[in-house]
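To keep things clear, I will list the structure first and then write my remarks on it.
The values are calculated or read from the model by the stated rules, or taken from the named source; none is laboratory data. Computed from a predicted model, the values in this text were never measured in an experiment. Here the Cβ is made from the backbone with ideal geometry for all residues, glycine too, and neighbour counts use every protein chain on show.
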Amino acid sequence: MKNKKYLNIFILLIVSIVVIYIILKDNFVEIIDQIISVNPYWLVFSLILLIIYWVIKSMILYIVTKKFDDNYKYKKSLRLQILTQFFNAVTPFAAGGQPFQIYVLKQDGLTYHKSANVIIEQSIIYQISLVLFGIFALTYNYFYHLYPKVEILQGLVTLGFVINTFVIVVLFLLSYSRKIDHFLLKIGVNILCAFYLVKNKEQTMEKWQNHIDTFNEGAKELTKNKKEFLFLVILSTISLFILYSIPYFILCGMGEYGKIGLLATVVSSAYVMLIGNFVPIPGGTGGIEYGFVNFYGVFIKGAVLPALLLIWRFITYYFGLFFGAVVLSFKGGRKKCE
């Protein structure tokens with residue numbers, strides 16, 4: 001497991017160096033001048049927005065976890081959220097964050113069953129907020145035609161929205177229909193048996209049925225209190241709005257007022273992040289930068305665009321990676337990961 005993590009970090013490092021070289025190679029001096037001239041107060045404000053995003057995410061985790069453990073403290077969820085930034089950053093498709101969260105929650109006293117329920121509930125909330133944001137972004141672009149020359153990327157964004165919507169529909173179908181669960185499980189296990197990928201059919205069925213039962217309970221528990229569920233979805237949506245607005249305030253620090261509005265910034269960021277979901281490299285590196293240049297390039301020209309990209313990428317991605325690594329290196333973090 002450690003070797004795989006180090007391999008991911010190595011791949012991330014190499015790809016990041018290549019991407020930064022491509023960004024800087026044609027206009028190095030002007031881009032560096034743009035970065036150096038940024039108003040530091042706006043940079044600090046942008047970092048504060050990122051921290052607010054973490055605080056809201058950890059609040060959602062805390063509220064969900066509190067239902068399973070009355071003694072759970074908010075500072076634990078905040079620390080876990082910060083550590084999750086590191087594991088999301090160094091794994092393709094941010095796949096390492098959730099298993100790590102389950103592991104830490106179990107270390108904090110929750111059973112595996114309860115830990116899995118917490119992460120399932122949190123995932124459903126996040127997925128719903130992504131779909132809501134996707135609806136907003138697609139609708140806004142439909143009426144205002146923000147990106148007339150990036151049709152291929154818009155197609156990828158639409159595909160990403162369709163996939164996210166499909167995932168949430170499937171999640172709810174699996175949550176409330178045991179017949180569908182058993183039917184799909186039986187088909188899946190039979191296929192695996194046909195290719196000799198499963199030796200003990202009954203044991204495999206029982207194992208996966210237990211996982212599905214855990215998922216069912218988690219999803220149903222989430223919607224018992226509809227007011228709380230709605231509140232958490234709203235919180236998650238607000239957190240995404242805050243995260244996606246950061247480029248707007250970096251531009252303010254660069255003195256580039258009026259080049260792009262706040263709502264157009266949020267929509268552009270949402271589109272960029274959807275593009276990144278298709279890239280099987282830690283942090284979506286390469287795809288994120290490509291999407292950013294194409295979507296924000298509609299509004300911003302010259303050295304300002306690559307400078308904005310580098311500052312935004314550092315704040316929203318590399319800062320979380322480094323800060324999470326520092327927190328992980330503390331005694332408490334090492335104890336949980338040994």
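Details
- Among the candidates VAL266, VAL327, VAL293, the residue that is free of Cβ contacts under 8 Å to residues at least 24 places away in the same chain and part of a helix (DSSP H, G or I) is uniquely VAL293.
- Remark: VAL29 matches the filter, which requires a residue to be at pLDDT 80 or above, out of contact with any strand residue (DSSP E or B) (no Cβ under 6 Å at 6 or more places or on another chain), surrounded by fewer than 16 Cβ atoms within 10 Å (Cβ to Cβ) and in a helix (DSSP H, G or I).
- Hits in region 83-115 (condition: closer than 30 Å to VAL279 by Cβ, touching a Ser or Thr at 6+ places or on another chain (Cβ under 8 Å), touching a residue at least 24 places away in the same chain (Cβ under 8 Å) and among the aliphatic types (A, V, I, L, M)): LEU105
- Of all residues in region 286-338, those satisfying the criterion of being modelled with pLDDT under 85 and under 17 Å from the mean Cα position of the chain (by Cα) are GLY286, GLY287.
- Matching residues in region 122-157 - criterion: being farther than 22 Å from LEU262 by Cβ and within 18 Å of the chain's Cα centre (by Cα): GLN122, SER123, ILE124, ILE125, TYR126, GLN127, ILE128, LEU156
- Boolean, GLY283 is part of a helix (DSSP H, G or I), closer than 29 Å to GLY302 by Cα and modelled with pLDDT under 75: yes
- Here VAL293 fulfils each of the conditions (1) within 19 Å of TYR140 (Cβ to Cβ); (2) touching a Pro at 6+ places or on another chain (Cβ under 8 Å) apart from (1).
- Of all residues making up region 102-139, the number that are hydroxyl-bearing (Ser, Thr, Tyr), touching a helix residue (DSSP H, G or I) at 6+ places or on another chain (Cβ under 6 Å) and surrounded by 16 or more Cβ atoms within 10 Å (Cβ to Cβ): 3
- Search result, residues across region 32-72 that are modelled with pLDDT of 95 or more and touching a Leu at 6+ places or on another chain (Cβ under 6 Å): TYR53, ILE56, SER58, ILE60
- Residues in region 81-97 include none that are surrounded by fewer than 17 Cβ atoms within 10 Å (Cβ to Cβ), part of a helix (DSSP H, G or I) and over 23 Å from the mean Cα position of the chain (by Cα).
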